[in-house]
Amino acid sequence: MAKITFVHPEEQKFIGTADLLLEERYARIRAAASESEQSGAVWFRHPGSDSELQLFEVRLGPNYIAAPHAHASDEIMVVVDGEMWFGAQRCGPGTFPAIRFTSSRPAPMERVSRISARGGMKPTLPVMS
């Protein structure tokens, strides 16, 4: 039988990126992360596991630039508010970037809120390359 889990807006619990990076398992990432990279916030709506999907929302401030990094699985996002750039490609609200063999280059973002989903992975932050 199917299992349905609900997460409601009133359950919202954003964690500051800087606070999340205090966890010992993120020590290497914390050491390499810029002040800008530590200024965001994330809400793990569905935390995920090796066998369950992960869904999270990220909020980033103006001019945020993501360092080159990779993930252990593909990722599909939806830009909810603001805009983000992948090279010369602008992604405004309603855009769904899908990243296969997930790696990215630095891209400036103008105050963005996005929701991302990943499948079959342990909940982790990106691995800096």
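The values are calculated or read from the model by the stated rules, or taken from the named source; none is laboratory data. Predicted model only: the values in this text are computed from it and were never measured. When we count neighbours, we look across all protein chains shown, and the Cβ atoms used for this are built from the backbone with ideal geometry, even at glycine.
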- prompt: Which one is nearest to the chain's Cα centre (by Cα), of the residues in segment 82-97 that are surrounded by 12 or more Cβ atoms within 10 Å (Cβ to Cβ) and part of a strand (DSSP E or B)?
  reply: MET84
task: Could you list all residues from segment 57-104 that are modelled with pLDDT of 85 or more, among the small types (Gly, Ala, Ser) and within 12 Å of SER116 (Cβ to Cβ)?
output: ALA98
message: Return the residues of segment 9-38 that are part of a loop (DSSP other than H, G, I, E, B), of a type in the set (Gly, Ala, Ser) and surrounded by fewer than 16 Cβ atoms within 10 Å (Cβ to Cβ); say none if nothing qualifies.
response: SER34
Answer residue from segment 1-48, given it is farther than 15 Å from ILE65 by Cα and of a type in the set (Ser, Thr, Tyr) and is nearest to the chain's Cα centre (by Cα) among those: TYR26
message: Can you pull out every residue in segment 39-52 that is outside any strand (DSSP E or B) and under 24 Å from PRO9 (Cβ atoms)?
response: SER39, GLY40, PRO47, GLY48, SER49, GLU52
